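The structure appears below as structure tokens.
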Amino acid sequence: MKLLHISDLHLGKRLNDYSLIDDQREVLKQAVDAYMLQKCEGVIIAGDIYDKSVPSAEAMKLFNNFITDLSNIGSKIYMISGNHDSPERISYYSSIIKKSGIYAPEPFSGKLQSIDEDNKITIHLLPFIKPANVKQFYPEKQQLSYEQAVKTVIENSYIDENRFNILVCHQFITGGKTCDSEEFAIGGLDSVSAEIFDIFDYVALGHLHQSQRCGKETVRYAGSPLKYSLSEEFHKKSFTVVEVKGKNDIKINTAPIILPHDVKTIKGSFEELMNKSYTEDYIRVIITDETVSPDARIALRSVFPNMLKFSIDNSKTSYETDVYSEESIENKSPEELFGDFYALQNNGVYPSEKQLEIIREIFNDLEETVE
């Protein structure tokens, strides 16, 4: 059996107020193309299907179209909910859609949900769980860590070791390489060691956005299909292709993803940056001039319309600011907007409280004049 392993779609996510829905639509098309090109028979989606527990109608429609496209070409689908998803929303139609070969996690029962395929392969689904989710089924367990919770579920589930066992799981494995766009418990309390998965022949992981192995080649994160933060700038995005030939015969490859828009950092003088080629990639701009015009950020937008951050890095200061969309600007008070403008003109130095008091008086006078 040949499977396409993907995860962390985060449908509906925005990057610094830029909608990524069109980029996500494009990479999902690439996933369908990779499925056909690699002659796969099934797709594993290892959690974080949506970016929010209550996804937008647009995100839900996009996922529905993706699943429909895969189903129409005969693909089986094995998916779980991640920490960003609502388990109830992902599992809502699970009993109905499995008749079409689409397996979503059923309401968590304290055990793995297992699907036995005719070719001696069993796929086990374990949605993202917290210790509290497990305790209700095992009241004798007084205190459970994340690792103990996952281990308890595995130990209380039937696993036929004569079959080829695949686990689909969404947890943070100890030692995994992380980035800024992921959520973790403080102090790594949610980490799980890879050793507790030794009974499985392949572990299809979701949660971490960088494609990577954990301990051994057969315990793998597929990674996110897009770069969801500047910390992912140097990630190589890909789909994971898993080919199972026998109990001890598994081949793992990757299929590269062509990003609709990349995430990059560009550094240089104002003149150098203005002479760069126009790009719609998502860009962090670092300007190195000793004296920076207050209009520099606006001028650079003609070259980098999807600017994520604007930074000044010279001998005097190191200053960085988010680049706000019109929607974000509308949500700021006049005082906050003035503070941002003042900082741009003064190399990142914000107005003092005394200066802000003067500004408040001016704004109050203006409001009274308008009234």
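The values are calculated or read from the model by the stated rules, or taken from the named source; none is laboratory data. In this text the structure is predicted, and so the values were computed from the model without any measurement. Heads up, the Cβs are rebuilt from the backbone with ideal geometry, glycines too, and the neighbour counts pull from every protein chain shown. Ligands, DNA and RNA are excluded from the accessible area calculation, which covers all protein heavy atoms including side chains. Shrake-Rupley method; radii C 1.70, N 1.55, O 1.52, S 1.80 Å.
Taking the square roots of 5 times each eigenvalue of the Cα gyration tensor of the range 170-293, largest first, gives ellipsoid semi-axes of 38, 19, 9 Å.
Kindly report the accessible area of the chain per residue (heavy atoms of protein chains, probe 1.4 Å, no ligands, DNA or RNA), in Å².
Values: 18670 Å² over 371 residues.
For the chain, the solvent-accessible area averages 50 Å² per residue.
Only one residue of 235, 150, 302 has its Cα farthest out toward the positive end of the dipole of the chain, where Lys and Arg carry +1 and Asp and Glu -1 on Cβ, and that residue is 150. Calculation over all alpha carbon pairs of the range 88-169 in 5 angstrom steps from 0 returns a P(r) of 3, 15, 23, 22, 19, 12, 5, 1, 0 percent. Accessible surface of residue 68, taken over heavy atoms with a 1.4 Å probe and every protein chain present, rounds to 60 Å². As a length-normalised measure over Cα pairs under 8 Å and 6 or more apart, the relative contact order of the range 225-271 settles at 37 percent.
In this structure, residue 316 and residue 276 have a Cβ-Cβ separation that, at R0 = 22 Å, corresponds to a calculated FRET efficiency of about 0.40.
Take the Cα radius of gyration of the range 1-63 and divide it by 2.2 N^0.38 Å, N being the number of residues; the result is 1.19.
For a protection proxy built on the mean count of beta-carbon atoms within 10 angstrom, sort 70-82, 95-107, 219-231 highest first, please.
Details: 70-82: 20.5, 95-107: 15.5, 219-231: 23.8.
Packing order, densest peptide first, comes out as 219-231, 70-82, 95-107.
Grab the beta carbon distance between residue 136 and residue 39, set R0 = 41 Å, and tell me the FRET efficiency rounded to 0.05. Don't skip to the answer; put the middle values down first.
Details: r = 43 Å, r/R0 = 1.04.
For R0 = 41 Å, the calculated efficiency reads 0.45.
Please find the FRET efficiency linking residue 336 to residue 29, where r is the Cβ-Cβ separation and R0 is fixed at 41 Å, and quote it to the nearest 0.05.
Numbers: r = 40 Å, r/R0 = 0.98.
Given R0 = 41 Å and the Cβ-Cβ separation, E is 0.50.
When the P(r) of the range 212-284 is calculated, the portion above 16 Å amounts to 62% of the C-alpha pairs.
For the listed residue pairs 76/264; 2/130; 29/237, the alpha carbons are over 25 angstrom apart in 76/264; 2/130. One chain, two ends: residue 143 and residue 100. Fully extended at 0.36 nm per residue, the span grows by 11.5 nm beyond their Cα-Cα distance.
For the chain, the longest principal axis of the C-alpha atoms and the axis of helix 353-370 are separated by about 80°.
Using the Kirkwood radius over C-alpha pairs as Rh, can you work out the diffusion coefficient of the range 40-85 via Stokes-Einstein at 4 °C, viscosity 1.567 mPa s, in µm² per second? Please report the intermediate quantities before stating the final value.
Numbers: Rh = 11.2 Å.
Value of D from the Cα-based Kirkwood radius: 116 µm²/s.
Would you calculate a helix-derived [θ] at 222 nm for the chain, using -39,500 (n - 2.57) for each DSSP H run of n ≥ 4 and dividing by the full residue count, to the nearest 500?
On the way: 11 runs with 102 residues, N = 371.
Helices in the chain give a 222 nm mean residue ellipticity of -8000 deg cm²/dmol.
Taking all protein chains as shown and a probe of 1.4 angstrom, residue 289 keeps an accessible surface of around 40 Å².
The rule of thumb for compact globular proteins, 2.2 N^0.38 Å, goes into the C-alpha radius of gyration of the chain 1.18 times. Considering only 357, 271, 233, the mean-square fluctuation computed in a Gaussian network model of the chain, springs between alpha carbons under 10 angstrom, is largest for 357. Principal-axis analysis of the Cα atoms of the chain puts helix 57-72 at an angle of about 40° to the longest axis.
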